[in-house]
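Throughout, read-outs are computed from the coordinates displayed, never taken from laboratory work. Predicted, not measured: the structure shown is a model, and the values here were computed from it. A quick note on method: Cβ atoms are made from the backbone with ideal geometry, for glycine too, and the neighbour counts reach across all protein chains shown.
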Amino acid sequence: MNNTNTIRPFGWKDKLGYAMGDMGCGFSFQLVSTFMQLYYFQCIGIKTGDYAVIILISKAFDAINDVVIGNLVDTKRIGKKSKYMPWILLGGITLVLFNVMIFAPITSFPYWGKYAWCLISYCLWSISYTMVNVPYGSLHSVITDKPNERTSLSTFRSIGAALPAIIIMIVLPSIVYNKVKNPVTGVTEDVLKGETLLPVALVMSIVAFATLWGTTRLVKERVQRSDDGQNTTGMKAFFSAFHSFFTNRAMVGATVATVASVALFNSTMALNNMVFQYFFKDTGKVGIAMIGSYAPMVIFMAIVGKVTAKFGKKNVIVSTMFVGAVAGIISLFVPISADMTGMIIYIICLMGLNLGNAAFQITVWAIVADCIEVSYRKTGKSEEGSLYALYSFFRKLSQGIGQAVVSWGLAAIGFVEGENAVQAADFGDKVKSLYFVVLAVGSLIAFLAMKFIYNITKEDEKAFAIKNEEIA
């Protein structure tokens, strides 16, 4: 591994630029993950069971998509100056198109046409998102090789990811929902306005591309890895990366924790929206509630660098995840009413769960960079793109698993699909309970994976820094 001395030192431009990258990904991802499921359920009329199949098929398609693009990023340079930046820009352009395609007004299509449109548009969106996300994620390990700077990048990436989520959860409800009186119960409810999502998707996509362009202008690649002629292409490269991935215990542990966290935590935001839509009957409070529940994460961002430097990433994550798992179990038994007092209690419960997830969410990208570092030291192969692509595949597979779990869970508690559908009187209480169950299970699995599988210690992190200085 060699470091070049001709590039400016690591600094605020890299942090800002890297944050802008996940901001760009987030404007697309958060919109799709939060509203695609609701749009196809409530406006297009896709059945919950059919939607679960769509998601699982599309994520299986991602198995090929991620590996192919990861290998292309590693072996095919489409730009002279950077291995990653041209891929980010190319993916960003196509992401605009397919992000808009997902929210096209297809209510007049026959049911099979709606089904096909949803499946095809989501698969195309997945390809575009991978073309952005794999090279962007791979950048982390080549911007710097110092553990504290990697943690800093991971923190700023978390900030970049949080900003689109906050904007989407605070601003969009007032745009995409209407207050309508239920003809059966006489109660005023929030109804999703499907026609508003197409222009929203267009605006979000343009902003996403602009921030991705900002990443390519501000971030510098400093770490140059020599392959020593060992890297391969084609299927050999796939099997080589596959072997490196699954013989890396730390990578396996981080991936299991990620699957649990993403599938049963991050990918269930639609359930939170439905809690406010059907239990509290006030979607206007979704954004405020989200900010309140994520307060622990914001506070933790300010101290994560010092805390992980003192105690090590694994120790901090395991400790906080234990708190989150306990908070999730307790939340299942806390009485919550459908008024403002109940909403406050609900937010406090989410704060406990998010506290457990905060350290992992903030440092996960630094953890993945450390895992890639372990692989490089073990094999001598520069497989950042392929390894990150495999990790990205499992991360995106977990998104599909999460949405499938939500779909099956909603079917189990009696959700009625379609525009202007009337839900049972106790549906709001059931969806609230379902949300807490999936969050608690996700927190518990992630805790066990980081405690008993992930094995990069504080001492290992220090050794990385010392070795990197020697090589440089």
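Projected area of the range 317-362, taken from the Cα convex hull and averaged over every viewing direction, in nm²?
Numbers: hull surface 12.3 nm².
Here the figure is 3.1 nm², rounded to one decimal.
At 20 °C and 1.002 mPa s, grab the translational diffusion coefficient of the range 389-432 from Stokes-Einstein with a Kirkwood Rh over Cα pairs, rounded to a whole number in µm² per second.
Stokes-Einstein gives a translational diffusion coefficient of 176 µm²/s.
Over 10 Å intervals from 0, what percent of Cα-Cα pairs in the chain sits in each interval?
Calculated P(r), rounded to whole percents: 4, 21, 32, 26, 13, 4, 1, 0.
Work through the residues other than residue 179 whose Cβ is under 15 Å from its Cβ and net out their charges, Lys, Arg +1 and Asp, Glu -1.
+1
Explain nothing, just the number: relative contact order of the range 313-472, from Cα pairs under 8 Å at least 6 residues apart, as a whole percent.
So the answer I get is 41 percent.
May I ask you to derive the relative contact order of the chain, considering only C-alpha pairs under 8 Å and at least 6 residues apart, and to give it as an integer percent?
30 percent
What do the square roots of 5 times the Cα gyration tensor eigenvalues come to for the range 37-82, in whole Å, largest first, as semi-axes of the equivalent ellipsoid?
The three semi-axes for the range 37-82 are 35, 13, 5 Å.
Over the Cα atoms of the range 287-391, what radius of gyration and what Dmax do you get, in Å?
Cα only, the range 287-391: 17.6, 59 Å (Rg, Dmax).
Given Cβ point charges of +1 (Lys, Arg) and -1 (Asp, Glu) and nothing else, what value in debye, to the nearest 20, does the dipole of the range 352-472 about its Cα centre take?
Here the range 352-472 has a charge dipole of around 220 debye.
Using alpha-carbon pairs under 8 Å, 6+ residues apart, how would you state the relative contact order of the range 282-367 in percent? Display every interim value, and only then the final one.
Values: 69 pairs, mean separation 40.7, N = 86.
Over the range 282-367, the number comes to 47 percent.
Which angle between 0 and 90 degrees, to the nearest 10, do you get for helix 427-452 versus the longest principal axis of the chain when only C-alpha atoms count?
Result, in degrees: 20.
Would you kindly calculate the mean projected area, averaged across all directions, of the convex hull enclosing the Cα atoms of the range 327-465, in square nanometres?
11.5 nm²
Would you tally the net charge around residue 253, using a Cβ to Cβ cut-off of less than 11 Å, leaving residue 253 out, and scoring K and R as +1, D and E as -1?
In short, +3.
Which whole number of Å³ per residue matches the convex hull of the alpha-carbon atoms in the range 1-131?
Value for the range 1-131: 125 Å³ per residue.
Karplus couplings for the range 160-176 from phi (6.51 cos²θ - 1.76 cosθ + 1.60, θ = phi - 60°), rounded to Hz, Gly and Pro as x?
Ordered by residue, 3J(HN,Hα) equals x, 6, 6, 4, x, 4, 5, 4, 5, 7, 8, 7, 5, x, 6, 9, 9 Hz.
Looking at the P(r) of the range 79-165, how many percent of alpha-carbon pairs lie beyond 16 Å?
Summing the P(r) of the range 79-165 above 16 Å gives 66 percent of all pairs.
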